[in-house]
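Asks: What follows is a structure written as structure tokens; I'll ask about it next.
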Amino acid sequence: DTAVSQTPKYLVTQMGNDKSIKCEQNLGHDTMYWYKQDSKKFLKIMFSYNNKELIINETVPNRFSPKSPDKAHLNLHINSLELGDSAVYFCASSPDGNGYTFGSGTRLTVV
Amino acid sequence: SQKIEQNSEALNIQEGKTATLTCNYTNYSPAYLQWYRQDPGRGPVFLLLIRENEKEKRKERLKVTFDTTLKQSLFHITASQPADSATYLCALDPMDSSYKLIFGSGTRLLVRP
């Protein structure tokens with residue numbers, strides 16, 4: 001059983017489109033996150049949710065909107081995609097901030 | 001400014017030797033520090049967590065040290081194997097109640113057979 005699963009794995013889309021990435025965890029963790037990994041492999045926090053409540057929004061453009069329908073799911077919706085949004089997006093979860101479990105990533109390419 | 005620094009140059013070692021990776025941080029006072037492994041095309045995988053009151057932590061062939069005076073953590077892999085080749089990331093909690101980990105940029109380890 002996959003602990004943190006995110007879909008799709010690859011996403012190629014044109015500038016200006018709107019897209020969503022879904023994430024689900026079956027670990028019973030209270031906290032979920034979205035991270036962005038750029039071409040230089042630097043992992044940067046975007047959002048964190050604790051028990052469905054937004055805790056962090058790290059200077060992310062408001063074109064990015066996370067939604068947590070329940071504790072096991074954290075989806076990411078992106079409006080009006082730009083070339084600079086191309087990156088790998090990772091979902092993760094943790095129990096009280098320790099030992100994150102990451103998904104396998106969604107490689108987003110905006111053309 | 002706050003920084004987490006790992007050696008950006010790849011570490012290239014012979015199989016069987018000990019690999020030592022360094023993580024230095026500036027202007028943070030973390031209660032703990034974590035190490036992750038990332039393989040190409042995969043998400044990071046949690047390896048070890050060490051708390052500020054722990055000088056050393058071991059797990060099988062892995063050993064982590066944490067020196068809060070030097071603001072440094074060292075990550076050792078003993079008897080390294082080609083399968084240990086990956087990028088290793090250190091991460092810390094900035095202790096601002098923000099529920100986030102700040103990651104270093106990682107060091108790529110290559111173990112030659």
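The values are calculated or read from the model by the stated rules, or taken from the named source; none is laboratory data. As the structure is a computational prediction, the values presented were derived from the model and not from experiment. Here the Cβ is made from the backbone with ideal geometry for all residues, glycine too, and neighbour counts use every protein chain on show. Just the protein is used for accessible areas: all its heavy atoms, side chains included, with ligands, DNA and RNA removed. Shrake-Rupley method; radii C 1.70, N 1.55, O 1.52, S 1.80 Å.
Asks: Would you say residue A:40 is under 22 Å from residue B:100 (Cβ atoms) and more than 13 Å from every other protein chain (Cβ to nearest Cβ)?
Replies: No.
Asks: When you go through (1) facing chain B (nearest Cβ under 10 Å); (2) open to solvent by 80 Å² or more (accessible area, probe 1.4 Å); (3) not in a strand (DSSP E or B) one by one for residue A:99, which number turns out not to apply?
Replies: In the conditions (1) facing chain B (nearest Cβ under 10 Å); (2) open to solvent by 80 Å² or more (accessible area, probe 1.4 Å); (3) not in a strand (DSSP E or B), residue A:99 misses (2) alone.
Asks: A further question on this structure: Do we have any residue at all in the stretch B:30-37 that's more than 11 Å from every other protein chain (Cβ to nearest Cβ), within 17 Å of residue B:107 (Cβ to Cβ), open to solvent by less than 40 Å² (accessible area, probe 1.4 Å) and modelled with pLDDT of 95 or more?
Replies: Checked against the condition, which is being more than 11 Å from every other protein chain (Cβ to nearest Cβ), within 17 Å of residue B:107 (Cβ to Cβ), open to solvent by less than 40 Å² (accessible area, probe 1.4 Å) and modelled with pLDDT of 95 or more, the stretch B:30-37 yields no hits at all.
Asks: Considering only the stretch A:39-77, state which residues are outside any strand (DSSP E or B) and open to solvent by less than 60 Å² (accessible area, probe 1.4 Å).
Replies: A:58, A:60, A:63, A:72
Asks: If you don't mind, another one. Scan the stretch B:1-20 for residues that are in a strand (DSSP E or B), at pLDDT 95 or above and either touching a His at 6+ places or on another chain (Cβ under 8 Å) or surrounded by fewer than 13 Cβ atoms within 10 Å (Cβ to Cβ) (or both) and jot them down.
Replies: Within the stretch B:1-20, B:12, B:14, B:19, B:20 qualify.
Asks: Pick from the stretch A:12-26 the residues that are open to solvent by 70 Å² or more (accessible area, probe 1.4 Å) and of a type in the set (A, V, I, L, M, F, W, C): which of them is nearest to the other protein chains (Cβ to nearest Cβ)?
Replies: Looking at the filtered set, the residue picked out is A:12.
Asks: Within the stretch A:26-77, how many residues are under 18 Å from residue A:99 (Cβ atoms) and among the acidic types (Asp, Glu)?
Replies: Residues that pass the stated criteria total 1.
Asks: Still on this structure: How many residues are within 10 Å of the chain's Cα centre (by Cα) and open to solvent by less than 10 Å² (accessible area, probe 1.4 Å) if we restrict to the stretch A:78-96?
Replies: The qualifying residues number 4.
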